[in-house]
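The values are calculated or read from the model by the stated rules, or taken from the named source; none is laboratory data. All figures in this text were calculated on a predicted structure; none of them were measured in a lab. Cβ: placed from backbone, ideal geometry, glycine included. Neighbour counts: every protein chain shown.
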Amino acid sequence: MMLLIKARADGWKKPTSAQAAAGNYKKPRMKWNGLDIAIENPKGTVREGVDETGKAWRTVFEHAYGEISGTEGVDGDPVDVYLGPDESAPEVYIVRQMRRKKWDQYDEDKCFLGFPSMGAAKRAYLNHYDDPRFFGGIIAMPVAEFVRKVRATREKPAMIKSILFMRSAVR
């Protein structure tokens, strides 16, 4: 069964702006390699808003998007993931995301599970963002290593940044 099928929006209701900001709304859940994933935006759902300049923005999720429960990324939130169609993909692709309007500053990581190639993960990432400058590079990591290192963030959350991006050269 493909990851996208498992991450359907059964019973999912779009959260209010306040719920989305607080993260306290019902999210469908699934397991992936022993990790609990909460789906924030199932495939086909829409996230929209207005930026600081008053310009409206809108993202249609081509892939389910969520977070790995019980982990902590460098931003203090659970590790973010996009779910691709290939449940047996041997690698996870980790995108280094840059800070909006401060394009030379690192913001956070976005992890791509179930994508057949680095190119597919990069395309998926770029399709969800309105400016290619958000993309700060991508690395591949074997699934087992990723699972082990992400679980380590429970004890040392700040490690996710150094663990993921010091491992190999950014592409």
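Here is how the numbers come out for the structure above:
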{"quantity": "Any strands (runs of 3 or more DSSP E) falling wholly within segment 39-115 and containing at least 2 residues that are free of Cβ contacts under 8 Å to residues at least 40 places away in the same chain and of a type in the set (D, E, K, R)", "calculated": "46-50, 102-113"}
{"quantity": "Residues of segment 100-127 classified as at pLDDT 95 or above and within 19 Å of residue 78 (Cα to Cα), total", "calculated": "6"}
{"quantity": "Every residue from segment 79-101 that is over 30 Å from residue 53 (Cα atoms) and touching a Gly at 6+ places or on another chain (Cβ under 7 Å)", "calculated": "83, 84, 85, 86, 87, 89"}
